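Peer 1: After the structure tokens below, expect a handful of questions from me.
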């Protein structure tokens, strides 16, 4: 869901650095060949992710939810020279689709696609994490947060997608479905967590951005 008009959204994209040719092709083919293409980060959000990554120049990025690889490629643009990105997903089909595109890019040796349950895999990561992007099953956002927060070094960042959930997040709690309630609880926990500073931006379907103090 967009929280501004299509005209304004189009204007924003027209005045944002363009996506690369490979990202443009991945965008198109996702919409043609893959179920639920609205899950793709897309041009504006993708450039935002790239911008944040370039500012931070992370050595290790952990992405929870690969989908077709668009966000992974955007985040990889800012990796430090010897940095890597671990992208975790349980969907074998979309992960294979992502791999087919990632292998065509200069980031193929920096992106590791992991087919696994993130809740089981994250505890095996021993290196300190610089940047986390959460864009997976909504009911587990808070679980993922708890798993990564202690692995994040001071100044490290977490970006969580879909935290406004098509505007349903403002409904009374008694009217929320399970996914909306899980996202609301995640937002509330982050807001009260003294370990971080955070900002919730109405970009696309909502991005919660936080920095570990």
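Peer 1: Scanning for something in contact with a strand residue (DSSP E or B) (Cβ under 8 Å, 6 or more places away or on another chain) and closer than 23 Å to residue 99 by Cβ, does region 145-158 turn up at least one residue?
Peer 2: Let us first name the residues in region 145-158 that are in contact with a strand residue (DSSP E or B) (Cβ under 8 Å, 6 or more places away or on another chain), namely 145, 148-149, 151-158.
Now drop any that are not closer than 23 Å to residue 99 by Cβ, which leaves none.
Within region 145-158 (the criterion being in contact with a strand residue (DSSP E or B) (Cβ under 8 Å, 6 or more places away or on another chain) and closer than 23 Å to residue 99 by Cβ), the answer is no, since none of the residues qualifies.
Peer 1: Within region 21-45, take every residue that is surrounded by 19 or more Cβ atoms within 10 Å (Cβ to Cβ) and not in a helix (DSSP H, G or I) and give me the one that is nearest to the chain's Cα centre (by Cα).
Peer 2: Per the stated criteria, the residue is 41.
Peer 1: Which of the residues that make up region 178-213 are within 26 Å of residue 5 (Cα to Cα), modelled with pLDDT of 95 or more and out of contact with any strand residue (DSSP E or B) (no Cβ under 7 Å at 6 or more places or on another chain)?
Peer 2: Listed by number, the residues that qualify are 179, 180, 183, 184.
Peer 1: Kindly list the number of the only condition in (1) under 17 Å from residue 111 (Cβ atoms); (2) under 11 Å from the mean Cα position of the chain (by Cα); (3) surrounded by fewer than 24 Cβ atoms within 10 Å (Cβ to Cβ); (4) modelled with pLDDT of 95 or more that fails for residue 48.
Peer 2: The one condition residue 48 does not meet is (1).
Peer 1: Could you list, in sequence order, the residues of region 1-20 that are closer than 25 Å to residue 80 by Cβ, surrounded by 13 or more Cβ atoms within 10 Å (Cβ to Cβ) and in contact with a helix residue (DSSP H, G or I) (Cβ under 6 Å, 6 or more places away or on another chain)?
Peer 2: Of all residues in region 1-20, those closer than 25 Å to residue 80 by Cβ come to 16-20.
If we keep only those that are surrounded by 13 or more Cβ atoms within 10 Å (Cβ to Cβ) too, we end up with 16, 19-20.
Result: 16, 19.
Peer 1: Residues 190, 196: which one is within 23 Å of residue 39 (Cβ to Cβ) and surrounded by 14 or more Cβ atoms within 10 Å (Cβ to Cβ)?
Peer 2: Numbers: 196 fails: within 23 Å of residue 39 (Cβ to Cβ).
Result of the check over 190, 196: 190.
Peer 1: Only one of 149, 169, 159, 134 is within 21 Å of residue 93 (Cα to Cα), buried (at least 18 other Cβ atoms within 10 Å of the Cβ) and under 19 Å from the mean Cα position of the chain (by Cα); which?
Peer 2: Values: 149 fails: within 21 Å of residue 93 (Cα to Cα); 169 fails: within 21 Å of residue 93 (Cα to Cα); 159 fails: within 21 Å of residue 93 (Cα to Cα).
The unique qualifying residue is 134.
Peer 1: Output the residues belonging to region 66-90 that are surrounded by fewer than 24 Cβ atoms within 10 Å (Cβ to Cβ) and under 12 Å from residue 48 (Cα atoms).
Peer 2: Scanning region 66-90 gives 77, 78.
The values are calculated or read from the model by the stated rules, or taken from the named source; none is laboratory data. Since the model is a prediction, treat every value here as computed from it, not as a measurement. When we count neighbours, we look across all protein chains shown, and the Cβ atoms used for this are built from the backbone with ideal geometry, even at glycine.
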